[in-house]
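The block underneath contains the structure these notes are about, expressed in structure tokens.
The values are calculated or read from the model by the stated rules, or taken from the named source; none is laboratory data. A quick note: this is a predicted structure, and the numbers were derived from the prediction, not measured. Cβ coordinates were reconstructed from backbone atoms using ideal geometry, including for glycine residues, and neighbour counts include every protein chain displayed.
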Amino acid sequence: MTAVPAPSSAPTAQPSVGRQVPGRSQRCILVVDDEPVVLAVTTRILADAGYLAVEAPNAREALRVLELGDQPIDLVITDVVMPETDGHALGRLIAERHPGLPVVYMSAYPAGDVFHRGPPGASAPFLLKPFSAEALAALVRDLLAGNAVTSGRSPTCEHADRGHILTSPPQQS
């Protein structure tokens, strides 16, 4: 099982486009994480699962990739805790500028901790690091097939048994 490591204090990576296994899906996933190792491992998992994976080391680069539109993006996976613009704010900007584009939030911190200001949406998918390659691939496959939660759909816990995936961050009481 491949697992994505927890955050470290490594320097940021430069954006990279286009890791894919030949002859597989043309679905494109934008991965946003300020940790170079997590970014590389996550995009590698997606490439091994047959997706085109585009890397962005921060929210600014992610928005640039989305605005340029060189490669149509089908799904965004973003870390929540990042410097400058965090994943929560990035998700709001994506919802404003690209309505309907699904966003998966990931963090090494529990959803209740990272969404203390309120969840990004009642049904936003959340992936707790470290996660397995199988869990990530299953979530992406289901989201792209329309079988799992995306913004605006009703919450489900379909992936709860597949490696710490929650489809709706817990509400604070």
Which ones in region 69-84 are at pLDDT below 95, surrounded by fewer than 20 Cβ atoms within 10 Å (Cβ to Cβ) and not small (Gly, Ala, Ser)?
Asp70, Gln71, Pro72, Val81, Pro83, Glu84
What number of residues in region 105-115 are surrounded by fewer than 20 Cβ atoms within 10 Å (Cβ to Cβ) and assigned to a helix (DSSP H, G or I)?
2
Are any residues in region 62-84 out of contact with any helix residue (DSSP H, G or I) (no Cβ under 8 Å at 6 or more places or on another chain) and closer than 12 Å to Ile29 by Cβ, and if so, which ones?
Val65, Pro72
Thr78: touching an Asp or Glu at 6+ places or on another chain (Cβ under 7 Å) and closer than 16 Å to Ala137 by Cα, yes or no?
no
